[in-house]
Amino acid sequence: NPLMLRQGEDVLRKLLESGFQCFFVGGCVRDELMDRPIHDMDIATSASPEQVISLFERTVPTGIQHGTVTVLMEDYQFEVTTFRKESSYADHRRPLSVQFVDDITEDLQRRDFTMNAIARDINGVLMDPFHGREDIEAGLIRCVGNASERFDEDALRMMRGIRFASIFGFRPVKSMWRGLLAGRDKLSYIAMERIRAELERIVLGPHPLRGLALLDRSGLLHYTKVPVPSINDIRKDLLETLGKIQGNEPEVRWSLLIQGLGIQGDEASRIMKAWTFSNAVAQGTAEIVQFDEAWTEAKVRPHNEEELRRVWTTLQVRFGKSVTEKWLERQAILLEGCNGDHGGANDSKVSSLEMTRLWHESLSVHRVQDLAVSGNEVLLITGKPGGPWLGKLMKQWLLSVALGDLPNDKDILLEQAKAVVNRDER
Ligand code: ATP
Ligand code: MG
């Protein structure tokens, strides 16, 4: 992005003119070296936060105690951070104090990985004391300094390392991996939101299987506050599919992860919530998993087609239209995933998916609102006060109509309502 670069260089120029050292640092330098799109540009400088504030017209003191000031330029903003080092860390997650320094090398030394510890000056000259460029070229994730110590200082770095490995398709070097195995239990000190944010980037990234395999091999997720039950029976096909889908409903992706990790449907919502997902996403994910489990279980028992249709329709009414459609979408993606396979097994899966889709599309009622009578009409004709009985009755109707056992006809339904109320009163 030439405009962002130009405005970033304007920031550097201004700092240089006032006699300060300054560099682009971190992700933007790394991404440029990797030919990846750059979303923001961070700047490191010898100027103090106060000096930065007085030098630029529009600034925000974003994290002034850590030395960070946001400088607002015409179209872009830049985080400008004073060179600093960090000393003694509390609880394996944050530095107790930061100390401003006047040397970029010291600043680079506090950074997590060699690829993130490169500075670039206004002329494009790199400061790369830890040989991050070589590691980028070789596709390696290496800590700056001693891996065990760096993970002990801040345990989130382990998740970041796996996230970078996953997104870039890089490999952790041996020392990094050994440090990670030695320090993995410290992940329990890290807030779940931050772990989840990394997990989310792994799962939504281009090679989720890579990150998940590293998570699995490291056992890292066992040391969160929400240990996953068991990754033994990992379902590779589900996880591999994750890597192929982009832009789908997040619940579809999370349902693949949950089942891929061997987590059962009745555990799914609890785990998703503990991972700090919203109730809606947790619930939506769990329902896709539960739908899938129930359908898979129903199919192993011998059924003729009519029996299967009834089972399917019952599930569809129980879980509702949106969950059913997400499950269908997921099933189609999974099938696409094994397109390369040959033989009848796949054909039968395709025809079974087509069959369920047909059942779904031919369903005349998906929710109680689709019934020929409303709740109010039922209350009027029965003269009975509303209550849980009404919802129950309408759900029952929905299922019977969906199954084809009852016509969706106003008179018939109202007759039934009267009969039910009379029976209950007797
Ligand atoms: P991206 O923004 O694509 O996630 P990034 O490398 O820019 O990647 P940020 O979280 O934006 O990551 O951090 C900016 C820089 O700050 C990093 O490149 C790294 O040098 C440093 N950094 C970030 N988090 C840590 C950490 N936990 N420990 C050490 N250094 C870190
Ligand atoms: Mg960044």
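Annotations
- Filter result (of a type in the set (D, E, K, R), within 12 Å of ligand 2 (Cβ to nearest atom) and within 19 Å of Arg6 (Cβ to Cβ)) within the stretch 24-40: Asp31, Asp40
- Leu108 being away from ligand 1 (no atom under 12 Å from the Cβ), assigned by TED's automatic domain parsing to the domain that holds Val60 and out of contact with any helix residue (DSSP H, G or I) (no Cβ under 8 Å at 6 or more places or on another chain): no
- The set of residues in the stretch 79-105 being out of contact with any helix residue (DSSP H, G or I) (no Cβ under 8 Å at 6 or more places or on another chain) and not acidic (Asp, Glu) consists of Ser87, Ser88, Ala90, Arg94, Leu96, Ser97, Gln99, Phe100, Ile104, Thr105.
- Consider the stretch 160-183 and keep the residues that are closer than 14 Å to Pro208 by Cα and β-branched (Val, Ile, Thr). The one that is surrounded by the fewest Cβ atoms within 10 Å (Cβ to Cβ) is Ile167.
Rundown of residues vs (1) within 27 Å of Ala191 (Cβ to Cβ); (2) surrounded by 17 or more Cβ atoms within 10 Å (Cβ to Cβ), yes/no style:
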site: Tyr76; (1), (2): no, yes
site: Thr81; (1), (2): yes, yes
site: Lys85; (1), (2): yes, no
site: His92; (1), (2): yes, yes
site: Pro95; (1), (2): yes, yes
site: Gln99; (1), (2): yes, no
site: Asp103; (1), (2): no, no
site: Asp107; (1), (2): yes, yes
site: Arg111; (1), (2): yes, yes
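- Number of residues in the stretch 116-143 that are β-branched (Val, Ile, Thr) and either out of contact with any Leu (no Cβ under 7 Å at 6 or more places or on another chain) or farther than 30 Å from Glu9 by Cα (or both): the value is 2.
- In the stretch 30-50, the residues that are outside the structural domain of Ala165 (by TED's automatic domain parsing) reach residues that are of a type in the set (Lys, Arg) and in a strand (DSSP E or B) with C-beta atoms within less than 8 angstrom, at least six apart or across chains, in these pairs: Glu32/Arg120.
- Residues of the stretch 35-56 that are small (Gly, Ala, Ser) and within 16 Å of ligand 1 (Cβ to nearest atom): Ala44 alone.
The values are calculated or read from the model by the stated rules, or taken from the named source; none is laboratory data. Because the structure is predicted, anything quoted here is derived from the model rather than measured. Every residue, glycine among them, receives a Cβ derived from its backbone with ideal geometry; neighbour counts consider all protein chains shown.
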